[in-house]
Amino acid sequence: MNEISWILIEAGVKALIIIGMMLLVAAASVYVERKVSAFIQLRIGPNRVGPFGLLQPFADVFKLFLKEDIIPAAADRWFHRIAPVISLGVAFAVYAVIPFADYIVIDDKIIQFGIAPDVNIGILFILALTSVGVYGITLAGWSSNNKYSLLGGLRSSAQMISYELSMGLALVSVILITGSLSLTDIVRDQAGWRWNIFIQPLGFIIFLVSSFAETNRAPFDLPEAEPELVGGFNTEYSGMKFGMFFLAEYANMATASALIAMLYLGGWQLPFPPEWLGLQPHTLAMALAQFAFLVIKVAVLIFFFIWVRWSIPRFRYDQLMNLGWKVLLPLAIVNILITAVVLYILK
Amino acid sequence: MSLSYLFFIVLGVLAIASAIVTIAHKNPIVSAMSLVLHFFMLAGLYLTLNAQFLAVIQVLVYAGAIMVLVVFVIMLLNLSDEAQLKEKLNFRKIIAAFFALGLITQFTTMYMGVSSKNAFLPPQSIEAGKAQSIGKELFSHYLVPFEAISLLLVVAIIGAIVLSKRRYE
C-alpha cells in the first residue's frame, strides 16, 4: 500500500506541474496570437500592460475572474455549469499519456517524463478523450437555450465526428510503421532524422488539417463563426466560464501541436546526434535537452496554427463537409493501403 | 481490501446508478449524458479486468462517436421532457417481469458458481487485453466471423447511402 501511495503522490506532483505548464503555454499563446495577428494586419497589438504588453494575458484572466457570472434564466443550469469543465478537463487529461522526454535513471531508479508515457494504448487514449471533448461544446450550445449557441453546438459535433475519422485513419499508417500504440515507442522509432513526416507526407497533411478542424480553429471555426452566430456555442457564457472555454481552446491547440510533433516530427528526438553536446542517454541533461527540442517543435506548430488563422478565410459549411468526407477520408484510406503494401513488400 | 476491489465497488455502484438515471429520467439529454457516464464506468470496469484495449475502444466508439450522434439528433429535434406514460398492468409487463426474473436468477447462479479461489485474474491475463493479442486472435481464430461482420457493415453503409439518396430523385 505504501508503494501505491508513493505512485499516487508522484502522479499528483507531475499533474500539478503539467497543469501549471499548460496554463503558462495558454497565456503565452494568447499573447503571441494577439501580437502575430496585429503584425499580419499592420497593427501594433497589446503594448500597454507591462513591457511590450507581456502582462496582457494575466490582466485578461484577472478581469475574467472579477466579472459577473451570468446564467440565462431559461438555461439548463446544471449542464450550463458543467460544459466548460468538460472542455477544459478533457484538454488537460490528454497530457496523462504524453511523453515530454526520454526516461532518466537516478540511483538505479527510472523516472518518467510524463505521468504514464509508456501505457500501451497511448494514442487510442488521446483519440478517445478528444472525441469526448466535443460534449463540452455541444452541451454548452444546447444548455444555453439560445438559437445561435445551439447552431454552434450542432456544427461542432458534426464537424468533429467528420474529421475524427480521417484523423484516426491517418494515425493508422503511423501505427503500421511503428507497430505500437505507445507514444514513447512511436517517438523512439523516429531516432536519427527518420521522422514520420518524410515517410508519411500525405498522412501528415491529413492529420494537420484534421487537427485544425478538431481544435475548432480557423479556417474551421464554424462553431463560433462570429458574423453568423454572434459568438457561437459560448454566446451565453461570461466570466471565468467563458475563460475556461478560452483556455480549453488554447490548451487543445497545444495538445494538437504536441501530438503532431510526437507523431510526425520526432517528438523529443534531438535533430542531431546527442554526442555533439556530450550528452549521455538517460541523464537529466539529456532529458532537459530533449524537452527543450519538444518545446521548440510545439512552439513552431502553435505559431503555424496562429499564422493560418489570420491568413485563410473560414470555410462554408458544405465546403467543410466536402473536404472532410470526399477528400480527406478517401486520401487517408489510400494512404493506409499504400503504407500496408509497401511495408508488406519490404518485409 | 485491494485497490482493484475498491475500484470495482466504486465503478460498479456508479455504473448501476447512471444506468438507472438513463432509463428513469424524463429529459432525453440527461438520459443520454448519463448513458455516456455509464460507458465510462464500464470502461473503468474493463480496466480492472486487464482489458485496456477494450476499455479505450468502449470510450472511443460508444461515448465518443455513437452517443455524440444520439445527442446531436436529440438537440436537432429539440426534444423536451417526455410525458409520463400512464399504463396499467398488461400482457407485455407480465412477460417483461418473467424475463427480468430469469435474468436475476441467471446472475445469481453465475455468482454462486464462481468459487472464491478463481475470483482473481491470473497474472498472464495482462497480455490478453493488449491490442496485439486481440488482433492475433481476430485474424486467425475468429477470421470468418470478423469478415462476416465487415461484410455486414459494408451492406449497412450501402443501404444508408441508398436510403439517403432516394430523396433527391
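The values are calculated or read from the model by the stated rules, or taken from the named source; none is laboratory data. Bear in mind that the values here come from a model prediction, so they are computed numbers and not experimental data. So basically every Cβ, Gly included, is an ideal-geometry build from the backbone, and we count neighbours across all protein chains shown. When the accessible area is computed, the model is the full protein with side chains, heavy atoms only, and any ligands, DNA or RNA have been set aside. Shrake-Rupley method; radii C 1.70, N 1.55, O 1.52, S 1.80 Å.
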For the range B:27-35, does any single residue satisfy the condition of being more than 9 Å from chain A (Cβ to nearest Cβ) and open to solvent by 60 Å² or more (accessible area, probe 1.4 Å)? no
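So that you can scan it fast, the table gives a plain yes or no per residue for (1) modelled with pLDDT of 80 or more; (2) within 14 Å of chain B (Cβ to nearest Cβ); (3) over 17 Å from A:R155 (Cα atoms); (4) open to solvent by 10 Å² or more (accessible area, probe 1.4 Å):
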site: A:S180; (1), (2), (3), (4): yes, yes, yes, yes
site: A:L183; (1), (2), (3), (4): yes, yes, yes, no
site: A:R188; (1), (2), (3), (4): yes, no, yes, yes
site: A:S210; (1), (2), (3), (4): yes, no, no, no
site: A:V230; (1), (2), (3), (4): no, no, no, yes
site: A:G278; (1), (2), (3), (4): no, no, yes, yes
site: A:L288; (1), (2), (3), (4): yes, no, yes, yes
From the option list A:Q269, A:Q280, A:Q290, single residue qualifying as over 20 Å from A:P84 (Cα atoms) and either of a type in the set (V, I, T) or without any contact (Cβ under 8 Å) to a residue 12 or more places away in the chain (or both) is A:Q280
Residues of the range A:308-347 being among the hydroxyl-bearing types (S, T, Y), assigned to a loop (DSSP other than H, G, I, E, B) and surrounded by 13 or more Cβ atoms within 10 Å (Cβ to Cβ), in sequence order, are none
If you go through A:S143, A:S162, the only one that is more than 24 Å from B:A51 (Cβ to Cβ), open to solvent by less than 10 Å² (accessible area, probe 1.4 Å) and at the interface with chain B (Cβ under 10 Å from one of its Cβ atoms) is A:S143
Taking the range A:221-246 and keeping residues more than 20 Å from A:L88 (Cβ to Cβ) and hydrophobic (A, V, I, L, M, F, W, C) leaves A:L222, A:A225, A:L229, A:V230
Screening B:A65, B:A128, B:A97 for residues that are modelled with pLDDT of 85 or more and surrounded by 10 or more Cβ atoms within 10 Å (Cβ to Cβ) leaves only B:A97
Criterion first (within 20 Å of A:V90 (Cβ to Cβ), among the aromatic types (F, W, Y) and either at pLDDT 85 or above or assigned to a helix (DSSP H, G or I) (or both)) does B:F8 satisfy it? no
Checked pairs for the range B:131-148, first assigned to a helix (DSSP H, G or I), second of a type in the set (D, E, K, R), C-beta under 7 Å and 6 or more apart or across chains, list as B:S133/B:E127
Residue check, A:G136 touching a residue at least 12 places away in the same chain (Cβ under 8 Å), more than 30 Å from A:Q290 (Cβ to Cβ) and in contact with a Pro (Cβ under 8 Å, 6 or more places away or on another chain):
yes
Every listed condition ((1) in contact with a helix residue (DSSP H, G or I) (Cβ under 8 Å, 6 or more places away or on another chain); (2) in contact (Cβ under 8 Å) with a residue 24 or more places away in the chain; (3) outside any helix (DSSP H, G or I); (4) under 28 Å from A:L294 (Cβ atoms)) holds for A:V105 save (1)
Scanning the range B:31-74 for residues that are under 19 Å from A:E164 (Cβ atoms) and in contact with a Lys or Arg (Cβ under 9 Å, 6 or more places away or on another chain) gives B:F53
**Message:** Quick check on the range A:34-52. Is at least one of its residues touching an Asp or Glu at 6+ places or on another chain (Cβ under 9 Å), crowded, with 16+ Cβ neighbours inside 10 Å, β-branched (V, I, T) and not in a loop (DSSP other than H, G, I, E, B)?
**Reply:** no
